[in-house]
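Student: This is the structure, below, for whatever I ask next.
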Ligand SMILES: [Fe+2]
Ligand SMILES: [Fe+2]
């Protein structure tokens, strides 16, 4: 990553207004931009997807970043550590999607609501038992609910430890793979350990827990409690958990500034204030390769949300990039197509797994929730200044040429070639992948079905080159990529 002098000060919106359902935004009007992006802006925007997966108010990661950066100044951390802490805060929930399906399955409900409720839960057995009983699915018959309760009680800490370990290790691996160092990875891995050894997954104690994790755990909880229960409860929680959950020195330093910081969290220009706390000598700017690495990391986060979308985003990106090359798009447009394909389903991180992984038919209400995900994709990506084109291409992947798609109902004249390519790649990948309700189609079956969609749904000019592209790139059989799609 490059380093530049001076902190970025671009104001950024976070899911703060309608994304324009019903408006027309012809994606062909946008020009691709390969300009470097301040890494803080890129991560802050993408971190809102992590907030949604955790059931937190959008901006939670950014607020945690702000609080942690202020605390780091008080603690006198050197610039290099403050910079790593800054990025660790924005990526702290990178493993959030890996336990979503398991949580939904264990409790039989909406993982996002469960996680939101769990975030303010005490760790006593009584509190956990009450939480479990409260969240048993009312839609299940009583015997099934009782059986579920017994199963949760018997598996107890062992199952929670496994779920937590997956989340922490996977999140740390994703951050390292995205180009962030060992300190950032360790901060994520240790995030849910407690000062007195009572945390998960390993029961690490005191200085065995990475300093950044000790800082971030307290700062993140402060924001969560402040958002849900107000400033007095947030401060009381910190004091109560001093020397049990959290490092007492960190709590003391945080409590000294907490009343003022909590007031500041509500200011409209918080993003700019957070950027200003990034040590100027350590400010990072992501060049093309960095952006691709970060987009790839978020593709892995998206795909990890459901066991049935194991490598959907990466495979869609491979097909889309190959299609763009065959159709002779310029290099800038090809880059935008690849990034849009990697991130097209980022909005799905806001959809509960009880819907995403449902084996039967979706109800109308559930389908309405699913249909919001391209709009959420747009809301997440659009605040990144140089992602204007990427946001439009990605958010249009469920549009149809005849205007019957979603979320804007764009028709042919509003759908640029890049958007048409991502849509075809998405359908091809979805058809050839295994899903809860059916096995994946063979290449020839998928191509035949896609042929029937050409014209009114999918773009003829893209469908026309799909057979040659996938037969060249995917010779290994149904749904198999010739090149590695491993997360
Ligand atoms: Fe989608
Ligand atoms: Fe998709």
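Student: Using only the alpha-carbon atoms, how far is helix 60-75 inclined from the longest principal axis of the chain? Give it as 0 to 90 degrees, nearest 10.
Tutor: That works out to roughly 40 degrees.
Student: Related question: If you take the alpha carbon radius of gyration of segment 306-473 and divide it by 2.2 N^0.38 Å, what ratio comes out, to two decimals? If you can, show how the numbers build up before the last one.
Tutor: Details: Rg = 15.0 Å, N = 168, 2.2 N^0.38 = 15.4 Å.
Output field value: 0.97.
Student: Further question on the same structure: Any chance you could give the angle, 0 to 90 degrees and rounded to 10, that helix 211-229 forms with the longest Cα principal axis of the chain?
Tutor: 80 degrees
Student: Then there's this: Using the alpha-carbon atoms, what tilt in degrees (0 to 90, nearest 10) does helix 288-304 show relative to the longest principal axis of the chain?
Tutor: Tilt of helix 288-304: around 80 degrees.
Student: Per DSSP H run of n ≥ 4, the term is -39500 (n - 2.57); total these for the chain, divide by its residue number, and report the mean residue ellipticity at 222 nm rounded to 500 deg cm²/dmol. Let's see the in-between values first.
Tutor: On the way: 23 runs with 279 residues, N = 487.
My calculation for the chain gives -18000 deg cm²/dmol from helical runs alone.
Student: Shifting gears a bit: Hey, what D do you get for the chain in µm²/s if you plug the Kirkwood alpha-carbon radius into Stokes-Einstein at 20 °C and 1.002 mPa s?
Tutor: Details: Rh = 23.3 Å.
D = 92 µm²/s.
Every read-out reported here was derived from the displayed coordinates using simple, explicitly stated rules and does not represent laboratory data. This is a predicted model, so every value here is computed, not measured.
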